[in-house]
Amino acid sequence: MLDKIKWFWKYYRKYGYVLAVLLILTPVQTVFQVSIPRMIEFMVDFVKSGEIPDNAVAVWLTGVGSGIGLSTPATFALSLVLIGLIASVLYAFVQSHRAWMNLKLEWLFRQDAFNKTTYRGPDFFNKFRTGDLVTRMTDDVAEKLSWFACSGIFRFYEASLMVAFTIAMMITIDPILTLWSVGPLPLLILIFFRSATLLDKRYDHLQKRISRFNDVMESCFSGIRVVKAYVKENAQKAKFRSAVDDRRAAEISTIKVMTIVDSLYMYVWQVGIVIVLVAGGYMVINSGLSLGKLVAFIYYVVYLVFPMFDIGQFLVKSRQSAVSIGRLIELEKVTPMVADCGVRDCDGDLKGALSFENVEFSFPDSDRKIIDGVSLVIGPGETVAFVGKVGSGKTWLINMIPRLVDPSGGSIRLDGHDLREFKLEDLRRNIGYVPQEPVLYSDTIKNNILLGRKSISDTVIDWAIDVSQLADEIGTFPKGLETAVGTRGMMLSGGQKQRLALARALVGKPKILILDDCTSALDSSTETALWERLHEVVPDMTAIMITHRPDSLERASMVYVLEEGSISESGTHGELMARGERYAKIYRRYRLEEQVVYG
């Protein structure tokens, strides 16, 4: 529980003013609120007896009223109106701050979780599915935490103060009757402790079912083309129906427990009202308790009903919120695979020379080495190719250059400096990266190229489009660069997606260009034109590529063959073909596949 309190505090400490308003004005407002029944008591007793009640406050008020020319009834009535007005204004002021804080905290929770998630490595996204992450940042935050974060806590604070001040007032009226009326309190405490564990289990189970439900939807929609191609709509419907049924069962199970606990809090406490009516009525008849005191006592018992309901709500919601906080803390506790602790700037003198020194890579808590003892040197302006069978470690090796992951052993140097010495943002700004599967967003072509880099001019955008061999096709789109590409670029062909992703990489004028099999969907003539333009406009750019295209391999100044994370062969295309070993076999297979595809 302490870790959850600390988690809340790191957000609250930024808003000292709001916190001060809630902490200080809530008890002030409560004091005025609990004073109202006493004023009613004075008025009832004065009307019934015609005498000023034997109470110091009543006597003082009467004296003040007489001093300004008011009768006793007018004094009591005016006091009641003023106290009620002050209590209402204070309540509205406090409520508005609570509402504002609810919305602010909800925004902060979600934004903080999202920001930290974007810095996580591949292992994080292997552990947490997309649907699960969406659930944690939407349902856990909006449905479970947004109200509880401020209103839930401070309604409990207000309710506790109301209960304490009300009971104090009741004691001043009649201690014995007070003892009778608070009799249900121990029973309510027992209900909470007996239900806490059950509530935790139900809430945790519910959130997991919601995560699964969202994950099923996300995977279906993202792979809708495959679903339709294999006529699996009915299978997806059945899978979705199963997820819906599981979520519905979990929701119903949780609501049943919540309803029972809430009802017990609400109705058990109302027994106190019956006790007051029976015992208080007897005391008015036989023990000299005034009618005004009984009326005030009934008001106070009613005052206790809703605060006790709020306390019950807090105890129930706190268990629910604790589960959601735990799920957000779970995300935060995952250590980023890449830490941004560099201080070196990537200035304009960057040449793009890279050296791998006995580089190793494996996932945390795994003994399998994905990259094992790779050492090589890439000179500035060189074009280097990596080849190898699927799973040989090619992509993981080049992912270390922009520090998407860091080596678990050895080091990678850029212009003689370890990559970890550079500021991460500066390093990546000088690297153009085109992944194996181009990632496009539901936006326009232009915004997909810019990717938020607003300082890039239209001239540079046109240049990048021209180099990537996309210029002729842009003119055929309905709105040119402002054409929306659809969800994940569904309106574009595979080759268009790859060239758009290449334009995105080129528009930043990088010193190092990484191409992860990104020309696989291009025809031979388009790829040839692409490479000619690339070497023409950026002759000093270091190009590193993973490819199975023979023409691209022939253009590389050095080729490295990877097997099980290690380099088995290296040399120029001509040298490797002359040896007739592993590379020669790979090249001939690639050439044969190309002839089959393109004739």
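Laboratory data are not the source of any read-out in this text; all were calculated from the coordinates shown. What you see is a predicted model; the values in this text were computed from it and never measured. We place every Cβ from the backbone using ideal geometry, glycine too, and count neighbours over all the protein chains shown.
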For M545, the residues 5 or more places away or on another chain with a placed amide H closer than 5 Å to its own amide H are V384, A385, F386, L515
With a 10 Å radius around each residue's Cβ, average the other Cβ atoms per peptide and rank 44-51, 539-546, 64-71, highest first.
-> 539-546, 44-51, 64-71
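Explain nothing, just the number: relative contact order of the chain, from Cα pairs under 8 Å at least 6 residues apart, as a whole percent.
13 percent
Can you tell me the FRET efficiency between D472 and V226 if r is taken as the Cβ-Cβ distance and R0 is 35 Å, rounded to the nearest 0.05?
After rounding to 0.05, the efficiency reads 0.70.
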Scalar couplings 3J(HN,Hα) for the range 549-558 by Karplus 6.51 cos²θ - 1.76 cosθ + 1.60 (θ = phi - 60°), nearest whole Hz, x for Gly and Pro, are 8, x, 4, 5, 5, 5, 7, 5, 7, 8
Of all chymotrypsin sites (Phe, Trp or Tyr not before Pro) in the range 395-475, which ones are in loop regions per DSSP and have a Cβ with at most 11 other Cβ atoms within 10 Å?
-> none
Sequence ranges 207-220, 14-27, 91-104, ranked by mean other-Cβ count within 10 angstrom, highest first | 207-220, 91-104, 14-27
Members of K14/K144; K446/K509; K239/K497; K10/K369 lying beyond 27 Å, as alpha-carbon distances in this model show | K239/K497; K10/K369
Give the calculated FRET efficiency between S88 and K585 to the nearest 0.05, with a Förster radius of 60 Å applied to their Cβ-Cβ distance.
-> 0.10
Hey, got the dipole for the chain? About the Cα centre, +1 on K and R Cβ, -1 on D and E Cβ, debye to the nearest 20?
-> 1440 debye
Looking at W147, G280, I224, which one has the Cα that reaches farthest to the positive end of the dipole of the range 2-332 (charges on Cβ: Lys, Arg +1; Asp, Glu -1)?
-> I224
Along the charge dipole of the chain, Cβ charges K/R +1 and D/E -1, which of A113, Q469, G65 sits furthest on the positive end?
-> G65
Order of D367, D462, D3 from fewest to most other C-beta atoms within 10 Å?
-> D367, D3, D462
Stretchable slack from L376 to R248, in nm (0.36 nm times residue separation minus alpha-carbon distance) | 40.4 nm
Relative contact order of the range 2-332: what whole-number percent is it, with Cα pairs under 8 angstrom and at least 6 residues apart?
-> 28 percent
What percent does the relative contact order of the range 303-442 come to when contacts are Cα pairs within less than 8 Å and at least six residues apart?
-> 29 percent
Okay, which of the range 130-174 sit inside 17 Å, backbone N to the point 7 Å along the Cα-Cβ direction of E218?
-> 130-143
Once fully extended, how much extra length lies between V31 and D349, figured as 0.36 nm per residue of separation less the alpha-carbon to alpha-carbon distance?
-> 107.5 nm
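Once you have a ≥ b ≥ c as the square roots of the Cα gyration tensor eigenvalues for the range 329-410, tell me rounded if a/c is under 1.5, and otherwise prolate or oblate according to whether a/b is larger than b/c.
Taking the square roots of the gyration eigenvalues as a ≥ b ≥ c, the range 329-410 is oblate.
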Dipole of the range 2-332, positive direction: furthest Cα of L179, I298, F314, with charges on the beta-carbon = F314
Separation between the A74 and D3 pseudo-spin-labels, each 7 Å from Cα along Cα→Cβ, expressed in nm?
-> 6.6 nm
Take E360, project a point 7 Å from its Cα along the Cβ direction, then tell me which residues of the range 396-416 have their backbone nitrogen under 13 Å from it.
-> 407-411
By how many nm would the segment from K237 to V305 grow when fully extended, if each residue of separation counts as 0.36 nm and the alpha-carbon distance is taken off?
-> 19.8 nm
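Given Cβ point charges of +1 (Lys, Arg) and -1 (Asp, Glu) and nothing else, what value in debye, to the nearest 20, does the dipole of the range 438-509 about its Cα centre take?
300 debye
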Once volume of the Cα convex hull per residue in Å³ is worked out from the coordinates, which option in (1) 242; (2) 221; (3) 157 does it equal?
-> (2)
D458/N115 FRET efficiency (R0 25 Å; Cβ-Cβ; nearest 0.05) = 0.25
Amide H neighbours of S566 under 5 Å, counting only residues 5+ apart in sequence or on other chains, H built in-plane at 1.01 Å?
-> D372
